[in-house]
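Rule-based calculations on the coordinates, nothing more; no lab input. Quick caveat, the model's predicted, so the values are computed rather than measured. Don't worry about glycine lacking a Cβ; one is built from the backbone with ideal geometry, like all the others, and counts go over all protein chains shown.
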Amino acid sequence: MFFVSVEVKSKNQIIKTTSESSVIKVRNVSIKVKPKQIIKKTIKKIKQVKKTQKTVKKIVKKANRKVAKKNPKIVKKIKKIPVKIVQKIIPREIINLVDNKKIQELKAKKENIKNAYLTKVREHIENHKKYPRKAKRLRQEGKVVISFIIKPDGKIHGINLKSKCPYKRLNEAALKILKKIVQFDPIPDELDKKSWEIDIPIQYSLI
């Protein structure tokens, strides 16, 4: 038996023996690396990666457990809180204030319409008022209050003397005014009145 040492140089390579006399020429020698060695190396690397992953997971779990032990109430609260749509809640006091303002505005508007209508009625009566001649001669003066009902279309009904003055001529003259007028302007729709009883004072004075 004898030992052989091999040196690979190229395709045409020379194999030298330990003995100087024997020289063997080898052509087209190709050395193949066994795939088992590569597979073993890759498997080792994969195992190492898996081990590191396991260790990282264990560390994370331990850390979470420590946090949960320290403040378990906070963890429970975080889990129980559901995701909800936040809605703007307007306090009742603000709603009431807004409603009261609207009601007051409507009342003020109605009051203005009412006053405007009554001033027209008074002006219309004053324009038709006539001072009786005999009452002027006798220097008779007084205040008469007339009561009457106005229908939605403006027609007058139920004319009465609510408050008389001492002089008959002045009382009769006040009643004649409304009998001549017969009708005023229609009652405004904003007032929502089916009939409206009105008292109008009529003043007779010489000054």
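What the table shows:
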read-out	value
Percentage relative contact order, the range 133-207, counting C-alpha pairs under 8 Å, at least six apart	44 percent
Asn112 paired with Leu191, simple spin-label distance in nm, labels 7 Å along Cα-to-beta-carbon	1.7 nm
Theoretical FRET efficiency, 1/(1+(r/R0)^6), r = Cβ-Cβ of Ile198 and Asp99, R0 41 Å, to 0.05	0.85
Among 144-151, 109-116, the order from most to least packed when residues are scored by Cβ within 10 Å on average	144-151, 109-116
Under 16 Å from the Cα of Lys151 - aspartates and glutamates, other chains or at least 8 residues apart	Asp185, Asp189, Glu190, Asp192, Glu197, Asp199
Whole-Hz couplings from phi, Karplus 6.51/-1.76/1.60, listed for the range 189-199; x for Gly and Pro	5, 4, 7, 6, 10, 7, 8, 9, 8, 10, 10
Cα shape, the range 133-207, gyration tensor, a/c 1.5 rule	prolate
About the Cα centre, charge dipole magnitude for the range 133-207 (Lys/Arg +1, Asp/Glu -1 at Cβ), debye	880 debye
Radius 10 Å from Cβ of Trp196, net charge of other residues (Lys, Arg +1; Asp, Glu -1)	+3
